[in-house]
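Asks: Got a structure for you, questions after.
The values are calculated or read from the model by the stated rules, or taken from the named source; none is laboratory data. Since we're looking at a predicted model, the values are computed, not measured. Cβ placement follows ideal geometry from the backbone for every residue including glycine, while neighbour counts extend to all protein chains displayed. Note: areas computed on protein heavy atoms with side chains; ligands, DNA, RNA excluded. Shrake-Rupley method; radii C 1.70, N 1.55, O 1.52, S 1.80 Å.
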Amino acid sequence: MIQLLFTIVLAEMALIMTLLFWTPLRKLVIMGLDQLKQGRGPLVTKSVGGTMVVVFGSSIYSLMKIQKRSTDSGIVNPTDQVLMAYRHLEVCLIGFSLFLALMIDRLHYYIRELQHLRKNLEMTKKYSQDSEQLEMRKFEETNKPQVKQLESESKQSQNRQLSQKPAQG
């Protein structure tokens, strides 16, 4: 069982590293996690997680029983030491595996949330640019006569100033 737990922990750590850094596998892993969270996937993962929690509790109980037996007798039995070390390693690996599974779930959730926020931000930027352009067009269309009048008045005033300068010089 120890080899299986080490394999699970290493696989979960590799999965977390894939999710943390931008690699070509990241998109594939995210799609796989999406598929796992659909249909019967949540039921299976909860069943496996529940089983691991039960085995975790059983291992802790066994570890405490061995420790109590060694403290009651007053002598440390080598067999009990080996069993205690084995159970301690098992408990640590199962606990670490459950923690990494929770971490994978949260990372997946936050990556998905970040993707949705980025998509919404892009849509909002595009919408605001479109609305600004629309407002500018409306402003130009509604104020076109006023703009033309102001342009003609400025040209007339420039022409007057130019016509007055040679007379002064």
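Asks: Looking at this structure, is Gln81 farther than 14 Å from Gly95 by Cα, more than 32 Å from the chain's Cα centre (by Cα) and not in a loop (DSSP other than H, G, I, E, B)?
Replies: Yes: the conditions hold for Gln81.
Asks: I'd like to know if the range 2-24 contains one or more residues that are in contact with a helix residue (DSSP H, G or I) (Cβ under 6 Å, 6 or more places away or on another chain), of a type in the set (A, V, I, L, M, F, W, C) and free of Cβ contacts under 8 Å to residues at least 40 places away in the same chain.
Replies: No, the conditions are met nowhere in the range 2-24.
Asks: For the range 134-155, how many residues are open to solvent by 100 Å² or more (accessible area, probe 1.4 Å) and not charged (D, E, K, R)?
Replies: Total satisfying the criteria: 5.
Residues are listed down the side, and each one gets a yes or a no for (1) closer than 18 Å to Ile2 by Cβ; (2) not hydrophobic (A, V, I, L, M, F, W, C):
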site: Ser70; (1), (2): no, yes
site: Thr79; (1), (2): yes, yes
site: His88; (1), (2): yes, yes
site: Ser97; (1), (2): yes, yes
site: Tyr110; (1), (2): no, yes
site: Leu114; (1), (2): no, no
site: Asn120; (1), (2): no, yes
site: Lys125; (1), (2): no, yes
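Asks: In the range 48-68, what residues are under 18 Å from Leu4 (Cα atoms) and either in contact (Cβ under 8 Å) with a residue 12 or more places away in the chain or exposed (fewer than 11 other Cβ atoms within 10 Å of the Cβ) (or both)?
Replies: The answer is Gly49, Gly50, Thr51, Met52, Val53, Val54, Val55, Phe56, Ser59.
Asks: Hey, does the range 90-97 have a residue that's free of Cβ contacts under 8 Å to residues at least 60 places away in the same chain, of a type in the set (S, T, N, Q) and part of a helix (DSSP H, G or I)?
Replies: no
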